[in-house]
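Asks: Below is one structure. I have some questions about it.
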């Protein structure tokens, strides 16, 4: 009984770990191949590719960015936006807000700059902003580094995941076989019980027949006597 419970707990843990790994890898791949055009509940993840925010963010760090109303953005917030001018055109940038002003159209304009940069970025409009950085995701940063390395991806993600899936499948088959064996045992037990029941009934019938014959013999003797 205890062994069965432990096996069930281990299977549940392995299943949960498998789901977590699949979700994490899936999030990274979806964000990468969708060019961050897909958000989940207003959240996106971005990977740092330059040293403009060192030492706060290193190259390869994965950042969690939440979609934020422009009016809620404050000076010193780190924002991620799509560049439109000069060397920033069509590039996703994560820099710190150093100043906020209101344009002639009533919309906000943001002055941003990389911590490690000397020069300020071209002026950023509120339409360009994806959101504000909420956190640096250490686990995803580590996994992202592995995924970017062909050997790391193969030996630390694909093979372990394949092993987990294989062991889960084998465990499932063994448990199914165990359940089938238990059902067969129950059927055998029931069959044995039925056989025993039939034997008892046969014995009772034989006893009844013998008793009946005795009664008949006694009745014949009495008739002869009379």
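Just so it is clear, none of the values below were taken in a lab; they were calculated from the coordinates. What you are looking at is a predicted structure, and each value in this text was computed from that prediction instead of being measured. All Cβ positions, glycine included, derive from the backbone under ideal geometry; neighbour counts span all protein chains shown.
Asks: From the square roots a ≥ b ≥ c of the eigenvalues of the alpha-carbon gyration tensor of the range 98-173, which class results: rounded (a/c under 1.5), prolate (a/b over b/c), or oblate?
Replies: Numbers: a/c = 5.09, a/b = 2.89, b/c = 1.76.
Prolate shape, in that a/c is at least 1.5 and a/b is the bigger ratio.
Asks: Ok, one more. Mind ordering 99-110, 129-140, 69-80, 39-50 by average Cβ neighbours within 10 Å, highest first?
Replies: Working: 99-110: 12.1, 129-140: 16.8, 69-80: 13.6, 39-50: 15.2.
Final packing ranking: 129-140, 39-50, 69-80, 99-110.
Asks: Then there's this: Determine, for each peptide in 111-122, 11-22, the mean count of other beta carbons within 10 angstrom over its residues, then list the peptides with the highest first.
Replies: Values: 111-122: 15.5, 11-22: 12.7.
Those peptides, ordered most packed to least, come out 111-122, 11-22.
Asks: Mind checking the log10 I(q)/I(0) for the range 19-148 at q = 0.09, 0.10, 0.11, 0.23 Å⁻¹? Debye, one equal scatterer per Cα, no solvent, two decimals.
Replies: Ignoring solvent entirely, the Cα scatterers give -0.26, -0.32, -0.38, -1.50.
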